[in-house]
Every structure is written in structure tokens, then in C-alpha cells.
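All of the numbers you see were taken from the coordinates with simple rules; none came from a lab. All figures in this text were calculated on a predicted structure; none of them were measured in a lab. Cβ placement follows ideal geometry from the backbone for every residue including glycine, while neighbour counts extend to all protein chains displayed.
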Amino acid sequence: MNKRNRLEYLILLSNKIEGFFSMKCVIPAAGLGTRFLPITKAQPKEMLPVYDRPTIQFVIEEAVASGIDDVLIVTSKDKRSIEDHFDRSCELEKNLEEHGKFDLLKTVEEMSDLADIFYIRQKKQKGLGDAIYCAKKHVGDEPFVVMLGDIVTKSDVPCTKQLIDLSKRYNSSVIAVEKVPDEKVERYGIIDGTMVSDDIYKVNALVEKPKISEKPSNLAIMGRYVLYPELFDYIEDTEPGAGGEIQLTDAMAKLSSVYASVFNGRSYDIGNKIDWLKTSLEFALTDMEHKDEILDYIHELIK
Ligand code: G1P
């Protein structure tokens with residue numbers, strides 16, 4: 001065993017002793033992307049760029065920054081480009097090398113090295129709960145992470161890492177929530193909770209896309225979850241709910257213990273055209289090389 005392997009082995013062993021095995025992560029990416037038609041007719045919603053990279057790359061980067069190295073993407077037909085994006089492209093790499101484009105070469109190589117990425121197909125789009133159920137075999141009998149591709153987050157400690165830490169503290173399923181205004185309540189899963197400490201709630205009930213008149217609060221589930229594996233049994237017993245789909249929220253409502261943590265950071269919901277465009281613009285303005293040019297262009301448009 002060489003020095004590096006020995007070190008990795010020791011880290012693994014100490015993690016095992018402390019029960020800190022890195023969690024697996026499931027990213028559902030099987031939806032039809034109807035909110036983005038016609039852009040998504042022949043290309044996956046998850047591959048839409050937010051400025052300079054596909055949205056799903058942001059999500060996987062957050063997973064990796066949270067200590068996850070095993071990612072299962074639940075796909076469906078017509079989603080091949082996701083696999084290609086995270087695969088090696090020998091032809092492209094050779095070309096970049098030959099032309100001395102070493103920065104780009106590094107970017108491309110890093111992308112295919114981010115994590116161990118696995119794929120499974122959801123055969124029929126029966127809802128988010130059903131998509132997560134496709135991960136049952138891969139996940140096994142351990143708590144696991146779910147990350148929705150519609151949400152990109154920014155924070156000092158990655159959102160998913162915050163949840164993993166909390167899940168270990170409470171020995172429970174944990175979800176991230178955010179306060180939304182009344183007019184947005186119908187778009188999300190909403191919790192009813194009792195505050196147990198600063199920004200942490202013990203969840204009493206969960207409702208998927210409630211009417212404003214029936215909302216239990218304004219705390220919306222924001223697409224990051226750590227879930228206990230008994231969830232899979234509950235999904236099996238979950239009837240179609242909001243929108244005629246098997247909802248993850250309805251299955252979660254049956255879990256014996258769920259805590260909700262108000263996300264300490266900035267989230268971007270890119271699940272609709274306007275917010276996606278705004279996010280792309282905001283991210284573009286953090287690119288110092290092009291910021292001024294973009295601002296000049298915006299000023300010109302306003303004129
Ligand atoms: C899904 C979830 C919902 C959650 C939302 C976050 O809804 O079902 O509970 O609040 O993601 O983006 P969807 O956006 O798939 O309708």
C-alpha cells in the first residue's frame with residue numbers, strides 16, 4: 001500500500017468508526033421540462049446553461065463540496081447529453097492539448113473527474129416521488145441526499161453540507177426550507193413546523209403546492225434533502241397527489257421524524273424562464289473579465 005492509499009484507508013477507517021460514511025446523492029433529472037418548452041423539446045432542462053455551465057454541474061459541484069463522491073442521476077430517454085457532459089471526450093481533450101489550450105483542457109478534465117456518477121432511467125414520468133424510488137437499490141439502507149436541479153445555491157458552507165451535519169446531529173431526515181411570499185406558496189412544498197432552535201423546525205406536516213388559503217406557513221421546501229431509507233417504503237404506499245403525480249412531499253409526510261432548516265445562504269430557483277434568465281445574468285456579472293462589457297450592453301438596451 002503506498003503512502004497516499006494508506007492515508008485514504010486511514011481516513012476511511014476513522015470515518016467508519018465515527019459512522020461518518022459519505023452519503024450517496026440522488027439527483028432526479030427525468031422530467032419533461034414542460035415549463036421551458038420549446039427550449040427543452042430536444043435538450044434536457046438540466047443542461048440549460050446558467051451563464052457558462054449547465055445547471056446540473058452547479059448541483060454536482062455543491063454535492064462534491066459537501067463531501068459526496070457518489071452521485072446517482074435519475075434520467076429518462078432523450079437525456080444522453082447529461083452523460084456525455086460528465087464523460088471524458090478524448091477527441092476534444094487531444095484537440096485542446098494540440099492547440100495549447102491548457103486552461104480549457106483542465107476545465108474539461110476536471111468535469112469528468114468530479115465524482116463517481118451513476119445513471120438509472122425512470123421509465124415513465126410519474127412524479128418526483130417515483131423518480132426518487134428508482135434510486136432504492138443504489139442507495140441501500142443508509143440515509144441519503146436528494147438534490148433538485150432547479151435550485152442553485154451559494155453559501156459559505158454548502159447547503160447540502162449544512163443538512164448532512166444537521167441530520168447527524170438530530171439522527172433524522174432533514175430538509176432545507178426558505179421563506180417565500182404568499183404569491184409563491186402554490187409553487188412549492190410547504191411545511192408546518194415547531195421552532196426548536198434558531199432557524200430549525202421540527203416538522204409536523206408537509207403539503208405539496210397548497211392553495212394560499214390552506215398554507216400551513218410560508219416555509220417552502222427548497223430542493224435539498226437528507227432522507228432516511230424508510231422513505232422508500234412510504235413512496236410505495238403513496239397515491240398520486242398534486243398534479244396527479246406521486247409526490248416526494250407526500251411520502252416524506254409519513255416519515256417518523258423530519259427537521260427543517262432555514263437555509264443560511266442564497267438560493268436561485270431556476271425552475272422557470274424568468275428566474276433562470278435573472279440568475280444567468282447575475283452569475284455573468286460575477287465574471288470580472290466580462291462584467292463591464294455586459295453592464296454596458298444592459299445600459300445600451302435600457303436607452
Ligand atoms: C418540487 C417539490 C417541491 C419543492 C420544489 C422546489 O416541486 O415537489 O416540494 O418545493 O421542487 O423547487 P417542482 O418544482 O418539481 O414542481
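Relative contact order, whole percent, for segment 65-139 stands at 49, derived from Cα pairs under 8 Å and 6 or more residues apart. Scalar couplings 3J(HN,Hα) for segment 211-224, obtained by applying the Karplus form with A = 6.51, B = -1.76, C = 1.60 to θ = phi - 60°, are 5, 3, 5, 10, 5, x, 5, 10, 8, 9, 5, 10, x, 10 Hz; x denotes Gly and Pro.
Close amide H pairs (under 5 Å, H built 1.01 Å from N) link VAL50 with THR55, residues at least 5 positions away or on another chain. Other residues whose C-beta falls under 15 angstrom from the C-beta of ILE200 contribute a net charge of 0, scoring Lys and Arg +1 and Asp and Glu -1. Counting beta carbons within 10 Å around each of VAL50, VAL71, VAL174 and listing the fewest first gives the order VAL50, VAL71, VAL174.
Taking every Cα-Cα distance in segment 69-135 and sorting them into 10 Å bins from zero, the calculated P(r) comes out as 19, 38, 25, 14, 4 percent. Antiparallel beta bridges, as assigned by DSSP with both residues in the chain, represent about 60 percent of the total such bridges. When the Gaussian network model of the chain links Cα atoms closer than 10 Å, the mean-square fluctuations of LYS273, LYS24, LYS168 top out at LYS273. Projecting the Cα atoms of VAL174, MET147, LEU248 onto the dipole axis of the chain, where Lys and Arg carry +1 and Asp and Glu carry -1 at the beta carbon, places LEU248 farthest toward the positive end. What the Cα atoms of segment 163-296 give is an Rg and a Dmax of 17.2, 56 Å. Projected label points at ASP296 and GLU142, each 7 Å from Cα along the beta carbon direction, are separated by 5.2 nanometres.
Panel note: the C-alpha atoms of the chain, placed on their principal axes, show extents of 66, 59, 40 Å (largest first). Annotation: amide H of ALA220 within the under-5 Å range of GLU178, LYS179, VAL180, sequence separation 5 or more or interchain, hydrogens built in the peptide plane.
Within the listed set THR107, THR279, THR40, the residue fluctuating most in the Gaussian network model of the chain (springs between alpha-carbon atoms under 10 angstrom) is THR107. Among GLU61, GLU98, GLU245, the largest mean-square fluctuation in a Gaussian network model of the chain (Cα springs under 10 Å) belongs to GLU98.
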